[in-house]
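The values are calculated or read from the model by the stated rules, or taken from the named source; none is laboratory data. Here the structure is a predicted model, which is why all the values come from computation and not from measurement. FYI the Cβ positions are ideal-geometry reconstructions off the backbone, even for glycines, and counts take in every protein chain you see. Side chains are part of the model used for accessible areas, which takes the heavy atoms of the whole protein and leaves out ligands, DNA and RNA. Shrake-Rupley method; radii C 1.70, N 1.55, O 1.52, S 1.80 Å.
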There are 2 protein chains.
Amino acid sequence: MQRVRIKDVAREAGVALSTAALALRNDNQLREETRRAVRDAAARLGYVYDRSAAMMRSGRSHTVGLLVCEITNPFYAELTAGVEAALEEAGFATMLANTGESVTRQRRMLERFREQPVDGVLMMPASGTPPTLLDDLERWGLPHATVVRGFRRGAHTGPDNRGGTRLATEHLLGLGHRRIAFLGGAAKNSVTAGRWEGYARSMARAGLEPVQLACRTDIGEAAALAQDLPHDGPTALVCFNDSVAFGAMLGLSRAGRVPGRDIAVTGFDDIREAALWHPRLTTISTSPRQMGQAAARVLLARIADPDAPPPRETIRAQLVVRESCGAKLNGGGCSSG
Amino acid sequence: MQRVRIKDVAREAGVALSTAALALRNDNQLREETRRAVRDAAARLGYVYDRSAAMMRSGRSHTVGLLVCEITNPFYAELTAGVEAALEEAGFATMLANTGESVTRQRRMLERFREQPVDGVLMMPASGTPPTLLDDLERWGLPHATVVRGFRRGAHTGPDNRGGTRLATEHLLGLGHRRIAFLGGAAKNSVTAGRWEGYARSMARAGLEPVQLACRTDIGEAAALAQDLPHDGPTALVCFNDSVAFGAMLGLSRAGRVPGRDIAVTGFDDIREAALWHPRLTTISTSPRQMGQAAARVLLARIADPDAPPPRETIRAQLVVRESCGAKLNGGGCSSG
DNA sequence: CTGAAAGCGCTTACAG
DNA sequence: CTGAAAGCGCTTACAG
């Protein structure tokens with residue numbers, strides 16, 4: 001069985017090849033009647049559109065490269081789901097690459113995307129990515145956007161990191177805490193910087209000394225740190241994200257301390273497990289799925305109009321008060337969420 | 001700046017176009033010296049290989065479509081990471097599609113993959129996918145393989161579901177439990193069937209009545225079910241997977257019962273959180289990342305040799321004894337892991 | 001709408 | 001290794 005081409009569809013429908021091509025792309029300079037006749041003919045013959053040929057001729061692949069720093073992190077998985085859904089809806093396919101936080105792998109994958117070729121790249125840069133990467137992308141003429149993690153320039157969509165930890169810290173201050181430590185954020189990137197700043201500035205405004213208990217985003221590492229916390233140490237922990245907060249709560253439990261009663265804990269991200277953990281986690285919601293969708297739309301806008309100024313979007317952070325901060329257990333000084 | 005093509009590289013290197021083309025693909029019928037000269041010329045000119053053109057001419061895209069049932073499920077995220085890594089290593093790119101358990105979306109995405117075109121499809125079929133889908137894929141001439149969830153035929157890589165729940169059930173029987181219930185598995189698919197069978201047969205062999213507490217794979221739903229469990233109900237729960245087990249433990253805690261002491265709980269999958277939960281979860285390990293890698297290799301073999309009989313691989317299940325089964329707390333009848 | 005044609009950048013087969 | 005050439009299946013511009 002020969003492969004069916006547009007030429008065959010045109011013959012079957014009794015129209016010219018160029019007419020069939022236009023009809024198959026649903027071009028509206030054709031009469032509805034003609035378009036339907038062509039589509040019917042295509043269906044009868046079992047025609048399958050060949051995007052690789054279209055790509056080659058038109059130079060547009062309707063494919064986007066998605067560079068994920070770590071897909072097994074639930075937050076990034078949710079974000080990826082949002083990106084994929086928004087791209088799919090816009091008729092774009094998603095080429096996935098998981099860098100696993102390796103700058104080397106990331107580089108190789110970008111070069112692969114360039115060869116592919118993709119119409120644009122959406123990335124969550126691996127920790128330690130030099131900002132000059134943007135220069136390369138620009139030199140290559142590859143439209144790009146960052147999400148969550150970004151640089152000082154370039155199209156970007158990210159959470160309000162500073163505002164988020166500010167909300168968390170002020171909430172804990174309002175509950176009467178004074179010895180509040182920041183747990184996590186050992187990696188050097190824009191997210192870490194923003195979350196630390198939001199915390200540290202709030203502490204400074206309250207005349208208190210900010211303290212960082214640095215660890216990587218790893219439940220086990222956070223647990224180990226929290227387990228060894230002295231009893232005259234912090235009474236509250238502003239955690240870098242929910243995974244760190246879960247680790248902290250596990251470590252505290254192992255040390256015989258009850259999170260939310262003996263010590264307050266807040267997270268960041270509001271991943272699904274946050275509402276289900278025991279105690280339920282007080283955290284900062286940043287809606288990763290919606291952020292992914294927003295980032296996809298930003299990139300598509302870049303692709304459609306590369307000369308427009310690159311948009312920078314901030315997703316609002318919201319405090320979600322549950323149990324781990326102790327507000328609902330102690331009836332502390334906090335009036336509401 | 002004009003785009004650099006193979007023709008330009010050939011001129012720069014002082015060889016024929018066909019020689020340059022062969023050299024760039026590192027064909028070993030050429031002398032090493034010639035290959036290097038061509039690669040150097042390509043580097044000097046900033047040549048970028050255009051896969052879309054190669055794809056069109058050769059009919060091979062070196063791209064695989066990956067259909068994930070739910071990427072936000074940590075188990076499938078880990079699996080996806082394994083698939084992507086193995087494909088990348090083999091020089092294949094991954095087109096990602098997240099069906100979110102929708103058979104309709106799945107269908108649309110497969111048709112998209114067909115147009116793309118991809119060299120093959122690796123899928124975790126959405127719940128409720130009719131086995132006739134395989135007929136369509138074969139009619140389309142699209143090499144395919146399933147992973148985790150599959151059908152009675154076709155290339156497949158999956159965990160030993162039956163063996164896994166058998167291990168868990170026999171472990172609990174060995175600890176002296178008699179009222180053991182199976183929690184979860186409301187969805188109809190091959191995984192559910194296998195896990196239920198492993199449990200039910202072990203119960204039957206022990207002369208006991210199998211009982212299913214059906215719920216979807218959802219922490220909240222499992223928690224609700226476990227919270228309402230009567231005190232004269234089951235003393236042990238064989239859970240469909242780790243997420244269900246986490247839900248069960250949360251529900252039990254809310255009802256004031258201590259998992260691992262008042263009631264035994266086992267999971268399935270051994271996702272990362274399993275070792276870190278409180279209590280640590282006794283579960284069945286199936287190494288999702290390795291399973292993903294194995295599945296990718298199976299598909300690549302199908303693509304390379306479509307006429308060979310489709311391989312079916314089973315990944316061995318292993319019991320990982322931790323705390324939630326009570327074995328290590330009670331010093332029960334279990335001798336080891 | 002038609003019809004003939006060029007061209008995207010490769011791969012591939014072939015005679016030398 | 002060379003060199004000339006065909007062809008993958010589209011898109012696109014154009015004269016009618």
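Scanning the range A:103-118 for residues that are open to solvent by less than 30 Å² (accessible area, probe 1.4 Å) and either within 11 Å of chain B (Cβ to nearest Cβ) or at pLDDT below 95 (or both) yields A:Met109, A:Phe113, A:Gln116, A:Val118. Residue pairs whose Cβ atoms lie under 8 Å apart, sitting 6 or more positions apart in sequence or on different chains, and linking a residue in the range A:74-94 that is under 20 Å from A:Phe268 (Cα atoms) and facing chain B (nearest Cβ under 7 Å) to a partner that is small (Gly, Ala, Ser) and in a helix (DSSP H, G or I), are A:Pro74/A:Ser243; A:Pro74/B:Ala77; A:Ala77/B:Ala77; A:Glu78/A:Gly292; A:Thr80/A:Gly292; A:Ala81/A:Gly292.
If I filter the range B:119-145 down to residues being surrounded by 15 or more Cβ atoms within 10 Å (Cβ to Cβ) and within 14 Å of chain A (Cβ to nearest Cβ), which single residue comes out as farthest from B:Ala304 (Cα to Cα)? Filtering first and then ranking leaves B:Asp136.
Can you say whether B:Arg57 is farther than 24 Å from B:Ala21 by Cβ, more than 8 Å from every other protein chain (Cβ to nearest Cβ) and surrounded by fewer than 19 Cβ atoms within 10 Å (Cβ to Cβ), as far as the supplied structure shows? No: the conditions fail for B:Arg57. Counting only residues that are touching a helix residue (DSSP H, G or I) at 6+ places or on another chain (Cβ under 6 Å) and under 23 Å from B:Met291 (Cα atoms), the range B:165-186 holds 4 of them.
To keep it simple, each residue is scored yes or no on (1) open to solvent by less than 40 Å² (accessible area, probe 1.4 Å); (2) within 16 Å of DNA strand D (Cβ to nearest atom); (3) of a type outside the set (Asp, Glu); (4) closer than 28 Å to B:Arg139 by Cα.
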| position | (1), (2), (3), (4) |
| --- | --- |
| A:Ala53 | yes, yes, yes, yes |
| A:Val68 | yes, no, yes, no |
| A:Pro74 | yes, no, yes, no |
| A:Leu96 | yes, no, yes, yes |
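Of all residues in the range B:1-50, those that are within 41 Å of the chain's Cα centre (by Cα), exposed (fewer than 13 other Cβ atoms within 10 Å of the Cβ) and near DNA strand C (Cβ under 7 Å from one of its atoms) total 2.
Does A:Ser253 count as among the polar types (S, T, N, Q), crowded, with 24+ Cβ neighbours inside 10 Å and not assigned by TED's automatic domain parsing to the domain that holds A:Pro74?
Values: among the polar types (S, T, N, Q): yes; crowded, with 24+ Cβ neighbours inside 10 Å: no; not assigned by TED's automatic domain parsing to the domain that holds A:Pro74: yes.
Taking the combined requirement at face value, the residue does not satisfy it.
Can you tell me which residues in the range A:228-243 are in contact (Cβ under 8 Å) with a residue 24 or more places away in the chain and of a type in the set (D, E, K, R)? Once the filter is applied, which keeps residues that are in contact (Cβ under 8 Å) with a residue 24 or more places away in the chain and of a type in the set (D, E, K, R), the range A:228-243 yields A:Asp228, A:Asp242.
Applying the set (1) within 12 Å of DNA strand D (Cβ to nearest atom); (2) modelled with pLDDT of 90 or more to A:Asp40 leaves exactly one unmet item: (1).
Within the range A:190-303, which strands (runs of 3 or more DSSP E) (wholly inside it) include 2 or more residues that are more than 16 Å from the chain's Cα centre (by Cα) and closer than 30 Å to A:Met123 by Cα? Please lay out each step first, then the result.
Working: elements: A:211-213, A:236-239, A:264-266, A:283-285.
Result: A:211-213, A:236-239.
The residues on offer are A:Arg261, A:Arg201, and the sole one that is away from chain B (no Cβ under 14 Å), closer than 15 Å to A:Thr169 by Cβ, of a type in the set (D, E, K, R) and open to solvent by 10 Å² or more (accessible area, probe 1.4 Å) is A:Arg201. Being in the same structural domain as A:Cys325 (by TED's automatic domain parsing), touching a residue at least 40 places away in the same chain (Cβ under 8 Å) and more than 21 Å from B:Gly247 (Cβ to Cβ) is a property that A:Thr266 has. None of B:Val244, B:Val298, B:Val238 is away from chain A (no Cβ under 14 Å), open to solvent by less than 40 Å² (accessible area, probe 1.4 Å) and in contact with a Leu (Cβ under 8 Å, 6 or more places away or on another chain) except B:Val238.
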